[in-house]
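Reading through the structure tokens given below for one structure.
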Amino acid sequence: MNAPPATPAAPAGSAALIALDGVRKCYNVGLPSEAEVLHGLDLQVQSGEFIALMGPSGSGKSTLLNILGLLEPMTAGRYVLQGEPVQGLDDAALTLRRRHTLGFVFQFHHLLPAFSALENVTLPALMGAGQVSAARRERARSLLDAVGLAAAMNKRPGELSGGMQQRVAIARALIMEPALVLADEPTGNLDTASSDEAFALLRRIHREHGTTFVVVTHDSRLAARCDRLVELVDGHIARDGPVGG
Ligand code: ADP
Ligand code: MG
């Protein structure tokens, strides 16, 4: 354990948060409907980036996000997350990685209707530890406060507007202090004003906490407010560069 490493360790923070190398994804392997939908993607994401992922419907955006989020296995290639290859991790290890590193925001909020906003936000902590510590509950309160819902903490999702529900979902994604938030069309179900508000919230979290974001959006107006744009076309990366570059 105490022997010096054979090669000098890389300085802390120098490794990419995400490194994909030749990632392929086939659905329905072995069936007549087998189809490869990601054709060997190479992608690096550095800690602290704010990335828009765009592309036509069916181009593979959700598939890529689900692979990044350890929700879907890749068929071939290599995925290194925070310096650790994800290949070979069993379900329990994947669940732990998801819980401690990743936050998810989807187009539909998936809040539990019988629970209050506050309870929904603390749910990931409950699932992890079996109970919600006082510190975690306090964090949930301050997150709800930060997303403008201090007065709505004890309301159920059904009592909130669509924009408010999505802000609860954003608070829930942040409760475990994830290094990386993956958002799949997080404003796709919202009107323009709520959508702008939710997006501004993501940018503020990025600015204040340095959280890394990969956000799928169809909205070029919102993409223009990201720092880097990755565009998928037919399962290939067709463009990757600074926004406006
Ligand atoms: P996007 O999010 O860009 O619209 P998806 O990643 O959802 O694209 O889908 C990419 C391709 O993979 C599409 O052709 C879609 O039909 C197919 N696909 C997505 N999920 C599945 C699945 N679970 N089984 C089979 N095919 C799928
Ligand atoms: Mg999609």
Quiz item: In what sequence do His109, His236 fall when counting other Cβ within 10 Å, fewest first?
Solution: His236, His109
Quiz item: Scanning the chain for helices, which whole DSSP H stretches are 20 Å or more long along the axis (Cα) and average -1.0 or more by Kyte-Doolittle?
Solution: 192-209
Quiz item: What does the charge dipole of the chain about its Cα centre add up to, to the nearest 20 debye, if the Cβ of each Lys and Arg holds +1 and the Cβ of each Asp and Glu holds -1?
Solution: 620
Self-check item: Residue-averaged [θ]222 nm for the chain, counting only DSSP H segments that reach four residues, each worth -39500 (n - 2.57)
Solution: -10000 deg cm²/dmol
Quiz item: For the chain, what proportion of DSSP beta bridges, expressed in % and rounded to the nearest 5, is antiparallel?
Solution: 55
Self-check item: Relative contact order (%) - criterion: Cα under 8 Å, at least six apart; region: the chain
Solution: 26
Practice problem: Mind pulling the per residue volume of the convex hull built on the Cα atoms of the stretch 43-170? Å³ is fine. | Solution: 148
Practice problem: Bin width 10 Å, alpha-carbon pairs only: give the P(r) of the chain as whole percents, running from 0 to the bin holding the largest distance. | Solution: 7, 29, 34, 22, 7, 1
Quiz item: Within a Cβ distance under 15 Å of Ser161, other residues only, what is the Lys/Arg minus Asp/Glu net charge?
Solution: -1
Self-check item: Relative frequency of Cα-Cα separations exceeding 13 Å in the stretch 25-78, percent
Solution: 65
Self-check item: Cβ-based exposure ranking for Phe115, Phe213, in which fewest neighbours within 10 Å come first
Solution: Phe115, Phe213
Exercise. Compute the signed sum of charges (Lys and Arg +1, Asp and Glu -1) over the other residues within less than 14 Å, Cβ to Cβ, of Arg98.
Key: -2
Exercise. Work out the charge dipole of the chain with +1 on the Cβ of Lys and Arg and -1 on the Cβ of Asp and Glu about the Cα centre, then indicate which of Ile170, Gly188, Leu143 is farthest towards its positive end.
Key: Leu143
Quiz item: If you place +1 on the Cβ of every Lys and Arg and -1 on the Cβ of every Asp and Glu, how big does the dipole about the Cα centre of the stretch 62-149 come out, in debye to the nearest 20?
Solution: 160
Quiz item: Which residue, Ala152, Ala169, Ala35, tops the fluctuation ranking in a GNM of the chain built on C-alpha contacts under 10 Å?
Solution: Ala35
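FYI, it's all coordinate maths here, none of it is from the lab. Since the model is a prediction, treat every value here as computed from it, not as a measurement. Using ideal geometry, Cβ is built from the backbone for each residue, glycine included, and neighbour counts are taken over all protein chains shown.
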